[in-house]
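Here is the structure we will look at.
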Amino acid sequence: MDFKGTDWKSWARFIFWAALWIAWVVWHGNYWWLLGLPVIFEFCVSRRLKSWTDKICEKGRGRKVVLGWIDAIIFAVIVVSFINIFFFQAFKIPSSSMESSLLTGDHLFVSKTAYGPKLPQTPLSVPFVHNTMPRSGKDSYSTALQYGYKRIKGFGKVERDDYVVFCFPHGDTVLSRAPFEDYYTHVRMTSREYAEKAYGPLKVRPVDKKDHYVKRCVAVAGDTLMVLDAQVYVNGVAQERHPGIQNTYCVVTDGTAINPVILREMGLNFGEVWFSQTLPGYPALPLTDERLAKVSSLPNVESVVPNVDSYPPDYPDSEAMLFPFTETGWTRDNYGPLWIPAKGQTVTLTAENLPLYRRIIEVYEGNTLEVNEDGAFVINGEATDSYTFKMDYYFMMGDNRHNSLDSRYWGFVPEDHVVGKPRLIWMSTDPNLRFPRNIRWSRLLKFL
């Protein structure tokens, strides 16, 4: 092979991109990817493929245009897919569970390197589509090829109070006609047969194709969490009152409503604000500490009392709604104490704590679990009275504490479900307004 006519710039490009590729392979840890070096050599130095396509293009201008477009599309798909998998991915806030920290309509860039990118477990997937095709709703992936969980080392680990994007733990089974609702909640509230008949057929999704959620991590592996009168405690220490955390309050007025302009200026979500003439006032006004002070000082406000859910749980909550779905005496505002499982830690299994850990043992960590008639536990065919966890787990809560379906309702988040950390709000639109009034200019390019 003769490279005498190759200029030094081509070799410089090859050395630069080869060095980056080798660094990525070392970070990745799978040295089979070194087979990509001949491809870099081809595009930077050899260019035999380009010579071949040039000969084809000589036969007609049309072929040159078509090949040019094909080349550009393939390059864009490869580059963007590579960036989405290993560096960052776009994400949109779909609900108000994180009001007033992250707003419905916020468009985020989520860093994959913050906690380390996961290698694709379901690689046969349509590019730029997470789990369903935009219009048809059909699966955008094939499970013909599946890999186990592996995460490349990142710049840090999940810490308390981090915003975290993760795969919805209960999203492994989805009702086709109610895809955004929790299948397991339907089963507990009615029955498996009714849920499937009313909203089926069922779809089963692999871990990396579950819907994405974003919440605040309030407790990490090994922590003991407790919520007492709506205040979160971790290892006996009260959680910091971050500016975006809000609870609902019963606000009694002199019979007049608060000026909507004032509520709008405070940034309240009007979908969660309603005035009762019989109170008179607002039975459940969502307020941060800052808004609480402002509302309390209004001349037509007579009293402001926090809504604290004591046992038995207020409707629609019930023992069938709150994790671990047994009689615990817990509510959304008085919850725990609860220990968060940690990798390598062993727990003694009892009939009382089995509801806490059963899904971890069977679903997240892939074991078989049976309970004999005498109450003895059998895991993977062997009798035992303990279990050692294979992964770390986390407890997530929304900042909008009284309007958030979070770990209080579906339990622990396994480490293999963690996607990344939101870093930047690159666009934000209000779903209740029309363009261009719907653009929240103050939130554009806001770092988190």
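The values are calculated or read from the model by the stated rules, or taken from the named source; none is laboratory data. What you see is a predicted model, and the numbers here were worked out from it, not measured in a lab. Note that each Cβ is placed from the backbone with ideal geometry, even for glycine, and that neighbours are counted across all protein chains shown. To get the accessible areas, we keep the full protein, side chains included, count just its heavy atoms, and leave off ligands, DNA and RNA. Shrake-Rupley method; radii C 1.70, N 1.55, O 1.52, S 1.80 Å.
Applying the condition of being more than 10 Å from Val174 (Cβ to Cβ) and under 16 Å from the mean Cα position of the chain (by Cα) to the stretch 196-208 and asking which residue is surrounded by the fewest Cβ atoms within 10 Å (Cβ to Cβ) yields Pro206. Taken together, the residues in the stretch 360-392 that are part of a strand (DSSP E or B) and β-branched (Val, Ile, Thr) amount to 5.
Listed here are the residues, each with its yes/no results for (1) among the acidic types (Asp, Glu); (2) open to solvent by less than 70 Å² (accessible area, probe 1.4 Å).
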{"site": "Val214", "(1), (2)": "no, yes"}
{"site": "Ala219", "(1), (2)": "no, yes"}
{"site": "Asp223", "(1), (2)": "yes, yes"}
{"site": "Ala230", "(1), (2)": "no, yes"}
{"site": "Gln239", "(1), (2)": "no, yes"}
{"site": "Pro243", "(1), (2)": "no, no"}
{"site": "Asn247", "(1), (2)": "no, yes"}
{"site": "Val251", "(1), (2)": "no, yes"}
{"site": "Gly267", "(1), (2)": "no, yes"}
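Could you identify the single residue in Asp430, Asp385 that is more than 30 Å from Ser95 (Cα to Cα) and at pLDDT below 95?
Numbers: Asp430 fails: more than 30 Å from Ser95 (Cα to Cα).
Result of the check over Asp430, Asp385: Asp385.
If I filter the stretch 378-399 down to residues being acidic (Asp, Glu) and under 14 Å from Ile361 (Cβ atoms), which single residue comes out as most open to solvent (accessible area, probe 1.4 Å)? It comes out as Glu382. Among the residues of the stretch 69-109, just one is of a type in the set (A, V, I, L, M, F, W, C), without any contact (Cβ under 8 Å) to a residue 60 or more places away in the chain and assigned to a loop (DSSP other than H, G, I, E, B), namely Phe87.
Right, Gly105: surrounded by 14 or more Cβ atoms within 10 Å (Cβ to Cβ), on the phi > 0 side of the Ramachandran plot and modelled with pLDDT of 75 or more or not?
Values: surrounded by 14 or more Cβ atoms within 10 Å (Cβ to Cβ): yes; on the phi > 0 side of the Ramachandran plot: yes; modelled with pLDDT of 75 or more: yes.
Yes; evaluated as a whole, the condition is true for this residue.
If I filter the stretch 247-266 for residues that are part of a loop (DSSP other than H, G, I, E, B), within 30 Å of Asp182 (Cβ to Cβ), touching a residue at least 24 places away in the same chain (Cβ under 8 Å) and not acidic (Asp, Glu), do I get at least one hit? No, there is no match, as no residue in the stretch 247-266 is part of a loop (DSSP other than H, G, I, E, B), within 30 Å of Asp182 (Cβ to Cβ), touching a residue at least 24 places away in the same chain (Cβ under 8 Å) and not acidic (Asp, Glu). Scanning the stretch 119-163 for residues that are in contact with a Pro (Cβ under 8 Å, 6 or more places away or on another chain) and either in a loop (DSSP other than H, G, I, E, B) or of a type outside the set (Ser, Thr, Tyr) (or both) yields Gln121, Thr122, Gly137, Thr143, Leu145, Gln146, Tyr147, Arg151, Ile152, Gly154. Just so you know, in the stretch 172-186 the residues that are assigned to a helix (DSSP H, G or I) and within 22 Å of Pro414 (Cα to Cα) include one that is most open to solvent (accessible area, probe 1.4 Å), and it is Tyr184.
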